[in-house]
1. Which of the residues spanning the stretch 160-173 are at pLDDT 85 or above and charged (D, E, K, R)?
2. In this structure, does residue 176 turn out to be of a type outside the set (Phe, Trp, Tyr), closer than 30 Å to residue 55 by Cα, modelled with pLDDT of 90 or more and in a loop (DSSP other than H, G, I, E, B)?
3. Does the stretch 101-125 hold any residues that are in contact with a Pro (Cβ under 6 Å, 6 or more places away or on another chain) and either of a type in the set (A, V, I, L, M) or loosely packed, with under 12 Cβ neighbours inside 10 Å (or both), and which are they?
4. Can you give me the number of residues within the stretch 1-47 that are surrounded by 14 or more Cβ atoms within 10 Å (Cβ to Cβ), among the β-branched types (Val, Ile, Thr) and outside any loop (DSSP other than H, G, I, E, B)?
5. Sort out which residues of the stretch 58-100 are assigned to a loop (DSSP other than H, G, I, E, B), surrounded by 13 or more Cβ atoms within 10 Å (Cβ to Cβ) and hydrophobic (A, V, I, L, M, F, W, C), and write them in order of number.
6. Mind checking which pairs have a first residue in the stretch 133-159 that is modelled with pLDDT of 75 or more and a second that is part of a helix (DSSP H, G or I) and not hydroxyl-bearing (Ser, Thr, Tyr), Cβ under 6 Å, 6 or more apart or different chains?
7. Give all pairs with beta carbons closer than 6 Å in which a residue from the stretch 69-81 that is farther than 17 Å from residue 20 by Cβ meets a residue that is of a type in the set (S, T, N, Q) and surrounded by 11 or more Cβ atoms within 10 Å (Cβ to Cβ); count only pairs at least 6 apart in sequence or on separate chains.
8. Within the stretch 67-87, identify whether any single residue is in contact with a Pro (Cβ under 8 Å, 6 or more places away or on another chain), among the hydroxyl-bearing types (Ser, Thr, Tyr) and over 30 Å from residue 169 (Cβ atoms), and answer yes or no.
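The values are calculated or read from the model by the stated rules, or taken from the named source; none is laboratory data. On a predicted model such as this, the values are computed, not experimentally measured, just so you know. Note that we place each Cβ from the backbone using ideal geometry, even for glycine, and neighbour counts take in every protein chain shown. These area figures cover heavy atoms from the full protein model, side chains too; ligands, DNA and RNA do not enter into them. Shrake-Rupley method; radii C 1.70, N 1.55, O 1.52, S 1.80 Å.
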Amino acid sequence: VVAVVPDGYVPIPVHPWQARHLRRNPAVRRLVGDGSIVDLGPRGGEVYPTSSVRTVCDPAAGVTWKLPLHVRITNFVRNTPAEHLRRAADAARAVARLPRRRGFEIVTETGMCTLDPAAVGHALAAEVNAVRRVAPDRRARVLAGLLDDPAILANHADRSGDVEAWLRRYVGIAQVPLLSSFADHGVAFEAHVQNSLLHLGDDGMP
């Protein structure tokens, strides 16, 4: 991407669906027309959607991008206002200070970029921004998918005869650190099954 960016501009990744939506926006058309924004079109390598829909993974670069998507998913449109970006930066700093725990890792946010709300307005800035995260281990699987497959625990039980050991391992490496982060440091995570990842060893254990 960098090679085609004109001098004085900074590239901001945009979800393909969002790009089509933005090209119909009169404000974006005006900004493109006066040169304030340059539409680079499709660039870079292939990326893949994750379970969160608006977050895409770029395995070649080792990053994921959380991107605005002007679609109502559950109870609100999934854009990212400037205040949410500020809170994300504050949260990233708080998470960075937490002690590391063996077998447990937070997918960290390492940067973000957006249009200047003072220049384009808060509504448009919320529609054009990106939050960069470290890409997780490619062997990790979304916990919701694992729990939806009853064969996961059944296969382990067939090998070891001990489902309780699987659950104890999972609670020890995934749930105890979350509770300790809140109890000891006041940091709480929304670690529901759709945004939690679990890596299983060759023996099927977490």
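1. Within the stretch 160-173, 168, 169 qualify.
2. On the way: of a type outside the set (Phe, Trp, Tyr): yes; closer than 30 Å to residue 55 by Cα: yes; modelled with pLDDT of 90 or more: yes; in a loop (DSSP other than H, G, I, E, B): no.
So residue 176 does not fit the description; no.
3. To start, the set of residues in the stretch 101-125 that are in contact with a Pro (Cβ under 6 Å, 6 or more places away or on another chain) comprises 101, 104, 107, 125.
107, 125, listed by residue number.
4. 2
5. At the first step, the residues of the stretch 58-100 found to be assigned to a loop (DSSP other than H, G, I, E, B) are 59-62, 67-68, 74-75, 79-81, 97-100.
Subset that is surrounded by 13 or more Cβ atoms within 10 Å (Cβ to Cβ): 59, 61, 67-68, 79-81, 98.
61, 67, 98 - these are the residues of the stretch 58-100 that are assigned to a loop (DSSP other than H, G, I, E, B), surrounded by 13 or more Cβ atoms within 10 Å (Cβ to Cβ) and hydrophobic (A, V, I, L, M, F, W, C).
6. 146/152
7. 80/129
8. Here is the first cut: in the stretch 67-87, the residues in contact with a Pro (Cβ under 8 Å, 6 or more places away or on another chain) are 67, 78-80, 82.
If we keep only those that are among the hydroxyl-bearing types (Ser, Thr, Tyr) too, we end up with 80.
With over 30 Å from residue 169 (Cβ atoms) added as a condition, the list becomes 80.
Yes: one or more hits.
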